[in-house]
Amino acid sequence: MKKIFALALAAAMSLSLVACGGGGNTSTPSTSGSQPAGSNPAVSTPADPNGDGTVLVGFAQVGHESDWRTASTKSAQDVFSAANGYELSFVDCDNDPAKQLEAVRSFIQQGMDYIIIDPIVATGWDTVLTECDEAGIPVIIIDRTVDDSDKYVAWVGSDFKVEGLACGEWLKAFAADKGIAEINALVIEGSVGASATIGRTDGFKEIADREGWTILDSQSGDFTEAGGQEVMESFCQSYKGQFNVVICQNDNEAAGAMTAMDNAGITYGVGGDVILVSFDANKPYVQMVCDGKINANFECNPMAAPTVDEIIKTLQAGGTPEKEVYVSEHWFAAEDNVTSITVNGEQQEVIHATQEVVDGRPY
Ligand code: AHR
């Protein structure tokens, strides 16, 4: 009932509303198979807010910039399926913050039961989250953080600063073991304004400043392979012969950086001119760690959706979920000379990326 009313309202009010991202906006048709025979579809219960057996979820996804993002989208589409009692409206916001706000407002007008947002940027959220709150629609944030509003029921994601700190602590231990006295690093950052970029940049810089390393340059590659290649091509020209570390803030940027270094005749990885580090640890890139092309890779876990499903079930049952849930993450290295690091006073394992480890990766 809520859905029919909301759809009519949305149609009447906003024919001009355009959902995010041309090709990525898909909506799974509703199924009525879980509606018990003879029950009143207008009756809403906490376990079935629409009275028709489905839970309406709108997901405003960042875009499709990386392998990580593909894994995140697949996880959400698998979990929020018709078979699991959901109707998912998925919007690919194509890395455009304005489109993402528009998508959320469209979800409000459509009368979603829950809205999931992976915020492209960390700020600019309070107004639209207030609108969700006033519409009585719980918002669950995943992956990246919202830093200027607390008007959401839960967040599930990564500690990006810890990822950056872990990268720095590993590099310190690795360099000490190899007798490398000087670190001259180039950083290919992620998208500007994304909390993933901010946290990884701050974490690595904190260790670099503490250890007296030189960060020669730090520029955005927008979390894409093309962006990573473009930035690395310019780095290769500007800093030829001056750098011995390249930090890529995601795997796709690392792929682009490798192409640029190949073209420039610069070797990287185990035994190379340059220590190459990546973030995300998608399976093909843990394979590259195993193969010695990437020296270390710091995981960012894209599998938030199963936890969001649990949060929704808690809310449906009238409970209060945890406000913040951190996903578990692991660090991988090509060599076994550093087996653990201490991050924020906590000892953490560095996993030697053997073929067995790669084969066991879930994504
Ligand atoms: O927010 C997570 C980051 O976004 C991942 O590191 C990156 O691959 C993605 O695009």
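Laboratory data are not the source of any read-out in this text; all were calculated from the coordinates shown. Just so you know, these numbers come straight off a predicted model, no measurement behind them. With ideal geometry, Cβ positions are generated from the backbone for all residues, glycine too; neighbour counts draw on all protein chains shown.
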Under 17 Å from a label point 7 Å along Cα→Cβ of Val270: give me every residue in the stretch 139-176 with its amide N that close. 174-175
Over 15 Å apart: what share of the alpha carbon pairs of the stretch 67-108 falls there, rounded to a whole percent? 52 percent
Any idea what angle helix 2-13 forms with the longest principal axis of the chain, computed on alpha-carbon atoms, 0 to 90 degrees, nearest 10? 80 degrees
For a quick check: with amide H placed at 1.01 Å from N, whose amide H comes under 5 Å from His352's, ignoring anything fewer than 5 positions away on the same chain? Ala333
Restricting to lysines and to Cα separations under 16 Å from Lys99, and discarding same-chain partners fewer than 8 apart, the set is none
Multiply the residue separation of Gln355 and Glu322 by 0.36 nm, subtract the distance between their alpha-carbon atoms, and state the gained length in nm to one decimal. 8.2 nm
Please state the relative contact order of the chain as a whole percent: Cα pairs under 8 Å, 6+ residues apart? 15 percent
log₁₀ I(q)/I(0) of the stretch 54-183 at q = 0.15 Å⁻¹, via Debye over equal Cα point scatterers, no solvent, to two decimals? -0.72
Dipole in debye (nearest 20) - the stretch 53-194, about Cα centre, beta carbon charges: Lys, Arg +1; Asp, Glu -1: 240 debye
In the chain, what percentage of the DSSP-assigned beta bridges are antiparallel, given to the nearest 5? 20 percent
What residues qualify as long-range amide H neighbours of Val245, i.e. H under 5 Å apart, gap of 5 or more or another chain, H built at 1.01 Å from N? Asn184, Leu186, Ile275
Lysines with Cα under 18 Å of Lys283, excluding same-chain neighbours fewer than 8 positions away: Lys74, Lys293
Expressed in Å to one decimal, the Kirkwood Rh of the stretch 273-336 from all distinct alpha-carbon pairs is 13.8 Å
Quote the charge dipole size of the chain about the Cα centre in Debye, to the nearest 20; the model charges only the Cβ of Lys and Arg (+1) and of Asp and Glu (-1). 660 debye
Determine by what factor the alpha-carbon radius of gyration of the stretch 65-134 differs from 2.2 N^0.38 Å, reporting the quotient. 1.15
Rg/Rh for the chain: what does it come to with C-alpha atoms and Rh from Kirkwood? 1.03
Most mobile listed residue (Thr259, Thr130, Thr54) in the chain, GNM with C-alpha springs under 10 Å: Thr130
Could you tell me how many cubic angstrom of Cα convex hull volume the stretch 207-296 has per residue? 95 Å³
Set Lys and Arg Cβ to +1 and Asp and Glu Cβ to -1, take the dipole of the stretch 124-272 about its Cα centre, and tell me which of Ser191, Gln237, Pro138 lies farthest positive. Gln237
Choice from Gly190, Gly85, Gly221 showing the highest fluctuation, given a GNM over the chain with Cα pairs closer than 10 Å: Gly85
Using a Gaussian network for the chain with springs between C-alpha atoms less than 10 Å apart, which of these wobbles most: Val128, Val146, Val156? Val128
